[in-house]
Amino acid sequence: MSVLQGKKVLLGITAGIAAYKTASLVRLFIKSGAEVKVIMTPASKDFITPLTLSTLSKNPVHSTFYDKEDENELWNNHVDLGLWADLMIIAPATANTLSKMTNGTCDNLLLATYLSAKCTVYFAPAMDLDMYIHPSTKDSLDSLQKFGNIMIPATSGELASGLVGQGRMAEPEDIVDFIEKDIQSKLPLKGKKILITAGPTYEAIDPVRFIGNHSSGKMGFEIAKAAAKKGAEVFLVSGPSSQTVKNSLVRRIDVTSAQEMYDACHTYFNEVDIAVLSAAVADYRPKNVADQKIKKKDASLVIELAPTKDILKSLGAIKKDQFLVGFALETNDEVSNAKKKIESKNLDAIVLNSLRDKGAGFAVDTNKITIIDKSFNEKTFELKSKKEVAKDIINEVLERIS
Ligand code: CTP
């Protein structure tokens, strides 16, 4: 999944021949899951039509503050457009526009929007080679980068003039790639590794039967997705679950029993920075597992159970700098029980669910949590989708590790 998924991209097009390539650029942003709005300078419409861009972006294209011909036309508010965007990319950026951006000139909608935008602004220069190396252009490029804008440099090759040199706008694929890499490199969990447990465990009785529970694994999978979205490398140790995750940063390790989950967690724990144990691990397992299927008899059957190893507690006992988060599902004296678990298991925080809250727990898509940290700061959240709850958990961890 691209880091551009769900991002709001504002594309500013200025009057250079490379403007014809912006049709592909819009397509690529849309394909990567972004929402795109386009602003054009009036002169750029000579190179590509607004109709092409509005069709591809599925949004109206703006180029003036208002349309004199259309009395119903609304004022195109540059401030609103700038605030809407998660990122702005000006491509192609001509020498003329670059110079105006440097000086704060805002005699068209694109420039006014640039000047009021609070998001990251990228620009992809495009011009003839002599214009590109002119000292005034160099000054513009330097100043704009000093202001915090990010340049996607022009490449060398044959130019519209027939001359060969630097000045070609970067190819649309390379522009998207550049922006994706730049976003990835700035994600708050970039370079961090996180261990997450999810789902139930199945404890074998015989070759065909087991003791298990109704955990779907959804909460843990959502935490894995939320962590990966913030740039973390994730080890997701999952018990039997039909949940799926498609993110190259998430490595899924499938296990069945509590002992297998214990072994997998101890394999990865030393190399991670954070561990969030959300699995519903069986507390007991059959003491003896029958080699053969147990035959039905008339007399009642007694299965002796032995405790499983407490994975969370075992990690708390060996933890060095890792930030360790456990889950607690309680029915009474919730907060005081959760606080006791923080201490007895040496946790940095605990995510508390109360079975008394409607919409919390196993079989539902929602959850209602209270997060308590080791200083006993408590934060209670509203009932939310597990996806939103996962984001809250990761944000709370982030606040405490940074
Ligand atoms: N956990 C674990 N290993 C186990 C059992 C639980 O790692 N064998 C973890 C769960 O993943 C979760 C937390 O411990 O993070 C849940 O603990 P919980 O079951 O609420 O508490 P227990 O310690 O089992 O105590 P009790 O059942 O008495 O409340």
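Values for this structure:
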{"read-out": "Residue, nearest to the ligand (Cβ to nearest atom), within the range 321-342, restricted to residues that are open to solvent by 50 Å² or more (accessible area, probe 1.4 Å) and of a type in the set (S, T, N, Q)", "value": "Thr331"}
{"read-out": "Only listed residue being open to solvent by less than 20 Å² (accessible area, probe 1.4 Å), at pLDDT 95 or above and either assigned by TED's automatic domain parsing to the domain that holds Leu324 or of a type in the set (Ser, Thr, Tyr) (or both), chosen from Val255, Val245, Val281", "value": "Val255"}
{"read-out": "Residue in the range 71-89 that is at pLDDT 95 or above, in a helix (DSSP H, G or I) and exposed (fewer than 15 other Cβ atoms within 10 Å of the Cβ) present", "value": "no"}
{"read-out": "The listed residue being in contact (Cβ under 8 Å) with a residue 40 or more places away in the chain and surrounded by fewer than 19 Cβ atoms within 10 Å (Cβ to Cβ), out of Glu171, Glu222", "value": "Glu171"}
{"read-out": "Residue tally, condition on the phi < 0 side of the Ramachandran plot, in a loop (DSSP other than H, G, I, E, B) and of a type outside the set (Asp, Glu), over the range 367-402", "value": "7"}
{"read-out": "Residue pairs meeting the criteria (Cβ under 8 Å; at least 6 apart or on separate chains; first closer than 23 Å to Arg209 by Cα and away from the ligand (no atom under 13 Å from the Cβ), in the range 298-320; second β-branched (Val, Ile, Thr) and not in a strand (DSSP E or B))", "value": "Leu301/Ile294; Ile303/Ile205"}
{"read-out": "Some residue of the range 244-267 being within 13 Å of the ligand (Cβ to nearest atom) and touching a residue at least 60 places away in the same chain (Cβ under 8 Å)", "value": "yes"}
{"read-out": "Matching entry among Leu324, Leu315 (being touching a helix residue (DSSP H, G or I) at 6+ places or on another chain (Cβ under 9 Å), hydrophobic (A, V, I, L, M, F, W, C) and in a helix (DSSP H, G or I))", "value": "Leu315"}
{"read-out": "Residues of the range 363-394 classified as aromatic (Phe, Trp, Tyr) and farther than 24 Å from Val245 by Cβ, total", "value": "1"}
{"read-out": "Count of residues meeting criterion [open to solvent by 20 Å² or more (accessible area, probe 1.4 Å), β-branched (Val, Ile, Thr) and within 22 Å of the chain's Cα centre (by Cα)] in the range 1-55", "value": "2"}
{"read-out": "Residues satisfying the stated conditions in the range 209-219, i.e. in a loop (DSSP other than H, G, I, E, B) and either among the aliphatic types (A, V, I, L, M) or open to solvent by less than 10 Å² (accessible area, probe 1.4 Å) (or both)", "value": "Gly217"}
{"read-out": "When residues of the range 343-352 are limited to those that are of a type outside the set (Lys, Arg) and either at pLDDT below 95 or in a loop (DSSP other than H, G, I, E, B) (or both), the one nearest to the ligand (Cβ to nearest atom)", "value": "Leu347"}
{"read-out": "Restricting the range 343-382 to residues that are open to solvent by 60 Å² or more (accessible area, probe 1.4 Å) and in contact (Cβ under 8 Å) with a residue 60 or more places away in the chain, the residue that is nearest to Thr331 (Cα to Cα)", "value": "Phe362"}
{"read-out": "Some residue of the range 194-208 being among the polar types (S, T, N, Q), assigned to a strand (DSSP E or B) and in contact with a Leu (Cβ under 7 Å, 6 or more places away or on another chain)", "value": "yes"}
{"read-out": "Residue match in the range 14-23 (condition: farther than 19 Å from Thr113 by Cβ and among the basic types (Lys, Arg))", "value": "yes"}
{"read-out": "Of all residues in the range 231-243 being in contact with a helix residue (DSSP H, G or I) (Cβ under 8 Å, 6 or more places away or on another chain) and closer than 20 Å to Lys319 by Cβ, the one that is farthest from the ligand (Cβ to nearest atom)", "value": "Val234"}
{"read-out": "Of all residues in the range 270-288 being β-branched (Val, Ile, Thr) and near the ligand (Cβ under 9 Å from one of its atoms), the one that is farthest from Ser402 (Cα to Cα)", "value": "Val281"}
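The values are calculated or read from the model by the stated rules, or taken from the named source; none is laboratory data. Computed from a predicted structure; not experimentally measured. A quick note on method: Cβ atoms are made from the backbone with ideal geometry, for glycine too, and the neighbour counts reach across all protein chains shown. Areas reflect the complete protein model, heavy atoms only, side chains present, ligands, DNA and RNA absent. Shrake-Rupley method; radii C 1.70, N 1.55, O 1.52, S 1.80 Å.
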